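Structure, as structure tokens:
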Amino acid sequence: MRARGLIWTLPLVVAAGVALWLWMSGGLDSLAVWAAEGQREAQNAIARGVRAIKQGDPGALAGLMGVAFLYGLFHAAGPGHGKLLIGGYGLGRAVPALRLSALALASSLAQSAMAVLMVGAGLGLLAWTRTQVTGLADGALSLVSYLAVAGVGLWLVLRGVRGLRRPGAACGHAAHHDHDTPHHHHHDETCPTCGHAHGPTPAQAEQVHSLRDALVLVGAVAIRPCTGALFLLIITWRMGIFPAGIAGTFAMGLGTGLVTVIAALASVWLRRASVDRLRAALPDPATAARIAAATELAAGALVAFAALSLAIRLL
């Protein structure tokens, strides 16, 4: 029993170690610096591309799409809430790779759409200045986005806690079990003695949990539009070539989405290579269910910790 306890608490220990490392070392600061430098170079190229479109240069629009896509790649390569949320969810929940990848791409494109709506409404309807639009994105919307991501993390923590309690309760009917009589549990069946299912079947675990989950994930990422997209949209609005800005913004979204999809696939692979293999190797479905719940709790705690750390920096 002690060995089993160590097994299902291991994800919590790993999560605590990662959180401590992020806190003490500053995380991926070198990657953030590299990505920021790449974004600045791409932003200068975007400005040149917009001027070329305004001057009617042939091929300028295609060039802008390529530069905007690269900007999205650099933007997504640095620390960000999209990869944090999608990757954490993929580690914490058993989600098919294709489905999580679709959510990753949808969240990036929704972020682009949010930028278009924000600039269109801010400049066109409210007559805001560039400073007001970017100030809202960098201030209030950034804070709301990080808090929303932290909320998803805490939601995973809560579900993990419930999952840890459920298997123990399901298998702890001392009054109804004859402990002198051995009985067997199966991962894909109910217990023949007590009639309870002590853990989800593999097919159940692969089901998407709900449309609500998908909307929450996409919404938490889309709340805060990309600064580069706002920059592109504002200058194209002022130059009278706003459709080119919209096209470039969605090209950015595809670049960001590519990196986020890679993060999604990596999280699914990591879960299958570690947690799912360990669960499959265990003969006791109750212990397997505890490992899944502990992993969800740990992933949620990491997401919440990282998002709250980023939110605190804005205060």
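Of all the numbered requirements in (1) outside any helix (DSSP H, G or I); (2) touching a Cys at 6+ places or on another chain (Cβ under 7 Å), residue 283 misses one, and that requirement is (2).
Test of understanding: among 251, 229, 220, 214, which residue is at pLDDT 95 or above and either assigned to a helix (DSSP H, G or I) or crowded, with 21+ Cβ neighbours inside 10 Å (or both)? None of the others qualify; the one that does is 251.
Can you find a residue in the range 71-91 that is buried (at least 20 other Cβ atoms within 10 Å of the Cβ), out of contact with any helix residue (DSSP H, G or I) (no Cβ under 8 Å at 6 or more places or on another chain), modelled with pLDDT under 90 and not β-branched (Val, Ile, Thr)? Within the range 71-91 (the criterion being buried (at least 20 other Cβ atoms within 10 Å of the Cβ), out of contact with any helix residue (DSSP H, G or I) (no Cβ under 8 Å at 6 or more places or on another chain), modelled with pLDDT under 90 and not β-branched (Val, Ile, Thr)), the answer is yes, since at least one residue qualifies. Among the residues examined, residue 166 does not qualify as at pLDDT 85 or above, of a type in the set (Lys, Arg) and surrounded by 12 or more Cβ atoms within 10 Å (Cβ to Cβ).
The values are calculated or read from the model by the stated rules, or taken from the named source; none is laboratory data. This structure is a prediction, so every number in the text was calculated from the model and none was measured. When we count neighbours, we look across all protein chains shown, and the Cβ atoms used for this are built from the backbone with ideal geometry, even at glycine.
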